[in-house]
Every structure is written in structure tokens, then in C-alpha cells.
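In what follows, a structure is listed as C-alpha cells, so that the remarks can point back to it.
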Amino acid sequence: MKIVMLGAPGAGKGTQAERIADKYQIPHISTGDIFRANIKAGTELGKKAKSYMDQGLLVPDSLTVDLLMDRIGQADCKDGYILDGFPRTIPQAESLKKALSDKGEALDFAVNVDVPDENIVARMSGRRACPKCGATYHIAYAAPKKEGVCDKCGAELILRDDDKPETVANRLKVYHDQTQPLIDYYTKENILHTVDGTQDMEKVFADIVKILGA
Ligand code: ADP
Ligand code: AMP
């Protein structure tokens with residue numbers, strides 16, 4: 001099963017992708033996580049990506065597409081995967097489609113987690129991330145057992161630099177300009193399904209499972 005998650009930054013793509021990956025036993029691939037891991041490791045790619053991410057801009061397709069293609073070519077992806085944060089532009093979607101069709105494959109589902117802009121700032125300012133294992137929390141809606149500490153690995157949680165309100169406004173603009181057109185794109189491909197992402201996490205998950213099938 002090959003799935004892409006669509007939705008504004010902070011809509012809950014990562015939260016749901018992690019659970020879907022677990023239920024269907026497929027890898028959860030987040031380009032944002034891959035860039036953050038590169039930033040942490042101090043790679044050239046990380047240095048380049050950081051300059052865009054800190055401004056709330058997209059990392060150029062030239063740095064993103066090959067990285068993703070390489071990842072989905074790895075052995076653990078042979079039975080499918082869930083992409084979270086890719087594609088974010090029409091050219092990325094076209095590259096993915098071409099790479100898959102060259103192998104006689106295609107995406108199965110595009111799941112759009114729909115959350116209006118008004119809710120996004122609260123989601124992002126309350127998000128806390130684990131810099132070590134990538135787990136995501138929310139101070140009000142998904143709090144860790146011990147404040148400020150990751151349940152999974154014990155590391156100290158952080159507010160992502162790009163979750164600060166001034167950057168969030170840019171990220172939302174970039175989303176509407178460059179990523180939202182993918183909703184029409186995947187509607188035309190006949191694989192788009194939209195879920196109401198303002199519901200609680202359990203209900204959003206149940207709606208997605210209904211779409212994907214048990
Ligand atoms: P994305 O991957 O789309 O950027 P996340 O999955 O990281 O978004 O979610 C953004 C923030 O909102 C996180 O702090 C997460 O815990 C919280 N969150 C996710 N889904 C919901 C929900 N249905 N209701 C309330 N908060 C949510
Ligand atoms: P995310 O963790 O998905 O919120 O992504 C964080 C940031 O990483 C984004 O704001 C972009 O700067 C960058 N990024 C992640 N995925 C992509 C992508 N597919 N294309 C371009 N930039 C991306």
C-alpha cells in the first residue's frame with residue numbers, strides 16, 4: 001500500500017502517519033524528519049536545507065526529489081510506505097508519479113487531513129518535538145507523561161524553530177501557494193480522500209482506517 005498524506009503544516013499528518021505505519025506495517029517516511037536528521041548530523045544537505053526551513057520556505061525540489069526517490073528505493077519499501085510531507089509541489093508529485101510508473105506502480109491513496117488555518121497556530125505553538133527520536137507531542141492535546149521529557153527515549157523536548165508564530169505564518173502561505181494545488185491534482189488522479197482533521201486524534205485515525213480498509 002502506497003499512501004501520501006496531504007494537509008497544512010500542523011494538520012496532524014505526522015501524528016496519523018506514525019499510527020498508520022504501525023497498523024499496516026509499512027515505513028513512515030517524513031522528508032522533514034530526514035532534513036532534521038541531516039541538520040543534526042551537520043551534513044552539507046542539512047546545512048542547505050536549514051537555510052530554507054528556518055524561513056518557512058520549501059527546500060528546493062533539486063535537493064528533495066532525489067533524496068525521496070532514493071529512500072523509497074530501499075528494501076523496506078517494497079511492500080509500500082506512507083509519505084508524510086512529500087510531495088509538497090506539483091513537480092514533486094509529477095516526479096513521484098513518473099518514478100512509480102516506470103516500475104509499473106502507482107500510489108494507492110492520497111489522504112488529505114483538513115484543518116482550517118485558524119486552528120493551525122495553536123497546533124504548532126503547542127507542538128513539542130523530540131530531537132533524538134522524532135516523536136511528536138502537544139502540550140494540551142497529546143502531553144508527554146512527564147512535562148518536557150520524551151516518553152519514548154527520555155530526551156528533553158523542544159519547540160521546533162520553524163514552529164514559532166512568525167515562521168508559521170510563512171509556512172501557511174507557502175502551503176496555500178505551492179502544496180494545496182495537490183488536492184486538485186490527486187482528485188484528478190482519483191485517489192484523494194479528505195478527513196476532518198479538527199476531530200480528536202482517535203477519530204481522525206478511525207476515519208483514515210475506514211478509507212484504507214482494515
Ligand atoms: P504535521 O505532521 O501535519 O505537521 P503533527 O502531526 O506534528 O502535524 O501535529 C501538529 C501538532 O498538533 C502536534 O503537536 C500534535 O500532537 C497535534 N495534533 C495532531 N493531531 C491532532 C488532533 N487531531 N487534535 C489536536 N491536536 C493534534
Ligand atoms: P515538516 O516536518 O513536514 O513540517 O517539514 C519541515 C520543513 O522541511 C518544511 O517547512 C520545508 O522547509 C522542509 N520540507 C519537508 N519536506 C519537504 C518537501 N517535500 N519539499 C520541500 N521542502 C520540504
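The values are calculated or read from the model by the stated rules, or taken from the named source; none is laboratory data. All of these numbers come straight from a predicted model, not from anything done at the bench. Note: ideal-geometry Cβ built from the backbone for every residue, glycine included; neighbour counts use all protein chains shown. Heads up: the accessible areas ignore ligands, DNA and RNA and are worked out on the full protein's heavy atoms, side chains in. Shrake-Rupley method; radii C 1.70, N 1.55, O 1.52, S 1.80 Å.
Phe86 meets each of the listed conditions (1) assigned to a loop (DSSP other than H, G, I, E, B); (2) away from ligand 1 (no atom under 16 Å from the Cβ) apart from (2). Taking the range 165-192 as the range and being open to solvent by 60 Å² or more (accessible area, probe 1.4 Å), more than 16 Å from ligand 2 (Cβ to nearest atom) and not in a helix (DSSP H, G or I) as the test, the residues that pass are Glu189, Asn190. Being out of contact with any Cys (no Cβ under 8 Å at 6 or more places or on another chain), outside any helix (DSSP H, G or I) and within 11 Å of ligand 2 (Cβ to nearest atom), is that true of even one residue in the range 59-80? There is at least one residue in the range 59-80 that is out of contact with any Cys (no Cβ under 8 Å at 6 or more places or on another chain), outside any helix (DSSP H, G or I) and within 11 Å of ligand 2 (Cβ to nearest atom). The residue pairs whose first member lies in the range 190-208 and is within 8 Å of ligand 1 (Cβ to nearest atom), whose second member is part of a loop (DSSP other than H, G, I, E, B) and among the aromatic types (Phe, Trp, Tyr), and whose beta carbons are closer than 9 Å, counting only pairs six or more residues apart or on different chains, are Asp200/Tyr141; Met201/Tyr141.
Evaluated against (1) open to solvent by less than 50 Å² (accessible area, probe 1.4 Å); (2) small (Gly, Ala, Ser); (3) in a loop (DSSP other than H, G, I, E, B), Ala106 falls short on exactly one condition, (1). For Ser101, the stated conditions do not hold, so it cannot be described as without any contact (Cβ under 8 Å) to a residue 60 or more places away in the chain, closer than 18 Å to Gly12 by Cβ and open to solvent by 20 Å² or more (accessible area, probe 1.4 Å).
Which ones in the range 1-25 are among the charged types (D, E, K, R) and either more than 13 Å from ligand 2 (Cβ to nearest atom) or under 23 Å from Ile90 (Cβ atoms) (or both)? Give the steps one after another, and end with the answer.
Just the residues of the range 1-25 that are among the charged types (D, E, K, R), to begin with: 2, 13, 18-19, 22-23.
Scanning the range 1-25 gives Lys2, Lys13, Arg19, Asp22, Lys23.
Output the residues belonging to the range 1-36 that are more than 9 Å from ligand 1 (Cβ to nearest atom) and part of a helix (DSSP H, G or I). Selection gives Arg19, Ile20, Ala21, Asp22, Lys23, Tyr24, Thr31, Asp33, Ile34, Phe35, Arg36. Of all the residues in the range 26-46, those that are open to solvent by 50 Å² or more (accessible area, probe 1.4 Å) and within 15 Å of ligand 2 (Cβ to nearest atom) number 6.
Test Cys133 against the criterion of being away from ligand 2 (no atom under 16 Å from the Cβ), outside any helix (DSSP H, G or I), closer than 24 Å to Asn38 by Cα and not charged (D, E, K, R), and give yes or no.
Spelling it out, it is not the case that Cys133 is away from ligand 2 (no atom under 16 Å from the Cβ), outside any helix (DSSP H, G or I), closer than 24 Å to Asn38 by Cα and not charged (D, E, K, R).
All conditions in (1) among the polar types (S, T, N, Q); (2) without any contact (Cβ under 8 Å) to a residue 60 or more places away in the chain; (3) under 27 Å from Thr194 (Cα atoms) hold for Asn112, with the sole exception of (2). Figure legend. Inter-residue proximity from the range 159-176: first residues touching a residue at least 40 places away in the same chain (Cβ under 8 Å) and of a type in the set (A, V, I, L, M), second residues open to solvent by less than 70 Å² (accessible area, probe 1.4 Å) and not in a loop (DSSP other than H, G, I, E, B), beta-carbon distance below 6 Å, spacing 6+ or different chains. Indicated pairs: Val168/Val121; Val168/Met124; Leu172/Asp117.
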